[in-house]
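Encoded as structure tokens, the structure appears first; notes follow it.
The values are calculated or read from the model by the stated rules, or taken from the named source; none is laboratory data. All of these numbers come straight from a predicted model, not from anything done at the bench. Neighbour counts run over all protein chains shown; Cβ positions are idealised from the backbone, glycine included. Surface accessibility is based on the protein's heavy atoms, side chains included, excluding ligands, DNA and RNA. Shrake-Rupley method; radii C 1.70, N 1.55, O 1.52, S 1.80 Å.
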Amino acid sequence: MDNKNVRLGSKFPLNHREVAGAALVLLGFALGLLGVYLTMPASDYSFLKLPRTLDDLQILRDRLEGYTSDYTVQVLVGYCMVYIFMQTFMIPGTVFMSLLAGALFGVFKGVALVVFTATAGASSCYFLSKMIGRPIVFCLWPDKLKFFQAQVTKRRERLLNYMLFLRVTPTLPNTFINFASPIVDVPYHTFFLATIIGLIPAAFVTVRAGIALGELQSIGDLYDFQSIAALFFIGIITVTPTLMGKDKSS
């Protein structure tokens, strides 16, 4: 990464055009959620809030179960918009949304829903970062960015394998990967493929746990030693071609 890119320079703070672009994205989500709200029946929706604890999530699950069968489209659209919004603007708590998908829709539909919304949200974050992300990522994660840039440069020939490894394993936070990828010149098609494939294992673990939501004592129960070991094993398999290619070229 050259010095020109490392310096914040005139790219911070954001200029008026960048702020306006981000505001338009935010307005689009707000209008979409308003449209969903207006098509739902008149009722008390004070229970609708982003869950921050398992208790919040259980209350939300209990109240939404009835609406899910009668207003499936509205619940699905609302769920997708909230999840994509959270991913786009890096709002913590999408693990609760993944658990909710399992509780409301079951394993197979839940995994498909989570992978779709997580990929859409990651893509939205990727393009938002392309527009306004450079000064933000330099400010928030300077050390991680240098590490990520070096790894991407070193593994450019087999970048998909490396990105799959990152998606499957908790080596780097997904939020950081979403926001930093366009800054370090990860092509979108590589980013997209690694996201939609690499998120499946973790989505399956989380969605399956959502079916037995009442048995969870904490979010830490989601990823026991066996689950984490399995994810790393899958990740090692995905990155093996990159390592083998490096050995042959050396």
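What the table shows:
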| item | result |
| --- | --- |
| Qualifying residue in the range 124-146 (condition: under 30 Å from T68 (Cα atoms) and open to solvent by 10 Å² or more (accessible area, probe 1.4 Å)) | yes |
| Residues that are open to solvent by 60 Å² or more (accessible area, probe 1.4 Å) and among the aliphatic types (A, V, I, L, M), drawn from the range 77-100 | V77 |
| Tabulated pairs, the range 174-187, first assigned to a helix (DSSP H, G or I), second open to solvent by 10 Å² or more (accessible area, probe 1.4 Å) and of a type in the set (A, V, I, L, M, F, W, C), C-beta under 6 angstrom, 6+ apart or interchain | T175/M90; F176/W141 |
| Count - residues of the range 155-165 that are in a helix (DSSP H, G or I) and in contact (Cβ under 8 Å) with a residue 60 or more places away in the chain | 6 |
| When residues of the range 19-75 are limited to those that are of a type in the set (D, E), open to solvent by 50 Å² or more (accessible area, probe 1.4 Å) and in a helix (DSSP H, G or I), the one farthest from S98 (Cα to Cα) | D70 |
| Only one of F116, F147, F96 that is of a type outside the set (A, V, I, L, M), assigned to a helix (DSSP H, G or I) and farther than 30 Å from L57 by Cα | F147 |
| Residue list for the range 44-60, restricted to those being within 21 Å of the chain's Cα centre (by Cα) and polar (S, T, N, Q) | T53 |
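Conditions (1) surrounded by fewer than 19 Cβ atoms within 10 Å (Cβ to Cβ); (2) at pLDDT below 90, marked per residue:
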{"position": "L172", "(1), (2)": "yes, yes"}
{"position": "N178", "(1), (2)": "no, no"}
{"position": "I183", "(1), (2)": "no, no"}
{"position": "P187", "(1), (2)": "yes, no"}
{"position": "T190", "(1), (2)": "yes, no"}
{"position": "L193", "(1), (2)": "yes, no"}
{"position": "L213", "(1), (2)": "yes, yes"}
{"position": "L216", "(1), (2)": "yes, yes"}
{"position": "L222", "(1), (2)": "yes, yes"}
